[in-house]
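The values are calculated or read from the model by the stated rules, or taken from the named source; none is laboratory data. For clarity, every value in this text was computed on a predicted model and none was experimentally measured. All Cβ positions, even for glycine, are placed from backbone atoms using ideal geometry, and neighbour counts span all protein chains on display. Please note that ligands, DNA and RNA were not included when accessible areas were found on the heavy atoms of the full protein model with its side chains. Shrake-Rupley method; radii C 1.70, N 1.55, O 1.52, S 1.80 Å.
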Amino acid sequence: MIGALNHIAIAVPDIEKATRLYKEVLGGKVSEPDAFPEHGVTVVFVELPNTKIEFLEPLGENSPIAAFLEKNPSGGIHHFCLEVDDVNASMKKVEDEGLRVLGPPKIGAHGKPVIFLHPKDCLGTLMEFEEG
Ligand code: CO
């Protein structure tokens, strides 16, 4: 069911500082910031040869990453994302196995349907599935 690692997402308190580190110090290919008010985050992508790193900075009130950054003030790995052929079929499969899915599929930052699996059911790590 699971395919390639699509991205690793790092929650950051300061996306400009994160961009400087990855662009100027590490020599990475880093995108311009993109605001996603409906998801409560600003996102920057670091393109690697085999996957992506995403920086997530809180945007607006009630950002879903605000509590995470309170616990991890200098930032931290927030989730990782695996590609699946069919998000709805994957959701049914994991729910049938008793895993909790956090809400219905939504359109993610890459314009494709995504779901998130409860970290307590997935080895303590928030897991995202993206159709692709
Ligand atoms: Co993600």
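Observations, loosely collected:
- Å² of accessible area per residue within the stretch 1-121, as computed with a 1.4 Å probe and no ligands counted: 60
- Mean sequence separation of contacting Cα pairs (under 8 Å, at least six apart), scaled by the length of the chain, corresponds to a relative contact order of 25 percent.
- Considering only the chain, percent of DSSP beta bridges that pair antiparallel, nearest 5: 70
- Positive-end residue of Val44, Pro13, Leu99, charge dipole of the chain with Cβ unit charges: Pro13
- With coordinates expressed along the principal axes, the C-alpha atoms belonging to the stretch 84-132 extend over 27, 19, 16 Å, beginning with the largest.
- Largest first, the three principal axis extents of the alpha carbons in the stretch 1-82 are 37, 34, 22 Å in whole numbers.
- Scalar couplings 3J(HN,Hα) for the stretch 106-122, obtained by applying the Karplus form with A = 6.51, B = -1.76, C = 1.60 to θ = phi - 60°, are 10, 7, x, 5, 9, x, 10, x, 9, 9, 10, 9, 4, x, 5, 9, 10 Hz; x denotes Gly and Pro.
- Compared with the dominant principal axis of the Cα atoms in the chain, helix 87-96 is inclined by about 60°.
- Taking each of Lys29/Lys106; Lys52/Lys93; Lys17/Lys92 in turn, the alpha-carbon distance tops 30 angstrom for Lys17/Lys92.
- Residues with amide H under 5 Å from that of Phe36, placed H, sequence gap 5 or more: Val41, Thr42, Val43
- Near the amide H of His7, within less than 5 Å, lie the amide hydrogens of Lys52, Cys81, all on another chain or at least 5 residues away, with H placed in the peptide plane.
- Dipole magnitude (debye, nearest 20) for the stretch 54-122, charges at Cβ of Lys, Arg, Asp, Glu: 100
- For the chain, with +1 on Lys and Arg beta carbons and -1 on Asp and Glu, the positive-most of Tyr22, His79, Ile2 along the dipole: Tyr22
- The HN-Hα couplings worked out from phi for the stretch 54-69 by the Karplus form 6.51 cos²θ - 1.76 cosθ + 1.60 (θ = phi - 60°) are 10, 9, 10, 10, x, 9, x, 6, 6, 4, x, 9, 4, 5, 4, 6 Hz, whole numbers, x standing for Gly and Pro.
- Residues with amide H under 5 Å from that of Glu130, placed H, sequence gap 5 or more: Leu82, Glu83, Val84
- For the set Ser31, Ser63, solvent exposure ranked by accessible area (probe 1.4 Å, protein chains only) runs largest to smallest as Ser31, Ser63.
- Gain on full extension, evaluated as 0.36 nm per residue between Asn50 and Glu32 minus their Cα-Cα distance, stands at 4.5 nm.
- Exposed loop sites were defined as GluC sites (Glu not before Pro) in DSSP loop states (anything but H, G, I, E or B) carrying at most 14 other C-beta atoms within 10 Å; in the chain the longest segment without such a site runs 1-60.
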